[in-house]
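Trainee: Have a look at this one before I ask anything.
The values are calculated or read from the model by the stated rules, or taken from the named source; none is laboratory data. Fair warning: this is a prediction, and the values are worked out from it, not measured in the lab. Heads up, the Cβs are rebuilt from the backbone with ideal geometry, glycines too, and the neighbour counts pull from every protein chain shown.
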Amino acid sequence: MQAQLAQAQKMEALGQLAGGIAHDFNNVLQAIAGALRLIARRPEDPGRVRHLAGMASEATERGASITRRLLAFARRGELRAEPVNVAATLGNLREVLAHTLGAGVEVRAVVAGELPPVMADRGQLEAVLVNLATNARDAMPDGGTLTLSAALEEVSDGQAHGAGLTPGAYLRLVVEDTGSGMDAKTLEHATEPFFTTKPLGRGTGLGLSMAKGFAEQSGGGIGIESESGRGTRVSLWFPCFPAEADQGSGSERAAGVPIP
Ligand code: ADP
């Protein structure tokens, strides 16, 4: 009975998730269809066509982000770990996010010193970071600063902000914003699957739970510090391995240098 109840709750949650995604996707398609209709009606005005094409293009980016979330969710459990150069990943991400998050959000990427690669599923890592950045953007409707950073951290007592890590060397990835922050109740439940404070169709409640599951499956953990009205810092720890596995660029970075 207990198991059936749990299963029924899971089905309901999945139904809500599917409904939310269908709703998000419908909005995206409507935005694109609307822009195309308006272009077809008056194609001879280049300024107007450029503006509408820009709107359609933004909508496709939103659509791509929905599919990324869905793929990341569907691919849970079949992770392929490979050495990932974090400095290069953050640099690329900074560029993409600077174009997609909107003009009011300044995106910075800071890498402290030379970093060894982390062993992780590259696509999943990127999807998780994009999700965290999207959360940060949502928390900064009037603009603000999003900082992506990476540093080596020696965890000795097994505890790093409640992440419950085994003592050892970790690479700590941080996504920090200057947004609205979370109240105590939200912070307490934030990493639970399907927990969301966003309106129906805007949030799936899966971003942080996926980030947690991913970091833990990679042998690390997650920690969240947040203060209402001041901002949020989400840290992901990944176990470190010797540097020879790394093939990418970025090892020349000096301590705390922002990535251009
Ligand atoms: P979703 O973003 O779809 O709601 P998440 O699991 O990513 O799902 O986040 C759960 C909740 O945690 C959000 O609804 C929001 O209330 C809170 N939250 C997450 N990230 C932030 C952030 N950077 N700033 C403020 N609140 C956040």
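Trainee: Determine, yes or no, whether residue 109 is more than 12 Å from the ligand (Cβ to nearest atom), touching a strand residue (DSSP E or B) at 6+ places or on another chain (Cβ under 8 Å), assigned to a helix (DSSP H, G or I) and touching a residue at least 60 places away in the same chain (Cβ under 8 Å).
Mentor: Here the answer is no, as residue 109 does not meet what is asked.
Trainee: Step by step: first the residues of segment 176-191, then only those that are among the acidic types (Asp, Glu) and within 16 Å of the chain's Cα centre (by Cα), then the one that is farthest from the ligand (Cβ to nearest atom). Which residue is that?
Mentor: Among those that are among the acidic types (Asp, Glu) and within 16 Å of the chain's Cα centre (by Cα), it is 176.
Trainee: Another question, if that's okay. How many residues are at pLDDT 85 or above and over 16 Å from residue 136 (Cβ atoms) when one looks only at segment 207-217?
Mentor: Summing the residues that are at pLDDT 85 or above and over 16 Å from residue 136 (Cβ atoms) in segment 207-217 gives 6.
Trainee: Still on this model: Being outside any strand (DSSP E or B) and closer than 16 Å to residue 240 by Cα is the filter; apply it to segment 129-162 and report the residue that is farthest from the ligand (Cβ to nearest atom).
Mentor: Of everything passing the filter in segment 129-162, 156 is farthest from the ligand (Cβ to nearest atom).
Trainee: Starting from residues that are at pLDDT below 90 and under 12 Å from residue 238 (Cβ atoms), keep the ones in segment 164-175 and report whichever is nearest to the ligand (Cβ to nearest atom).
Mentor: Looking at residues that are at pLDDT below 90 and under 12 Å from residue 238 (Cβ atoms), I get 165.
Trainee: Restricting attention to segment 195-223, which residues are within 11 Å of the ligand (Cβ to nearest atom), among the charged types (D, E, K, R) and closer than 19 Å to residue 124 by Cα?
Mentor: 212
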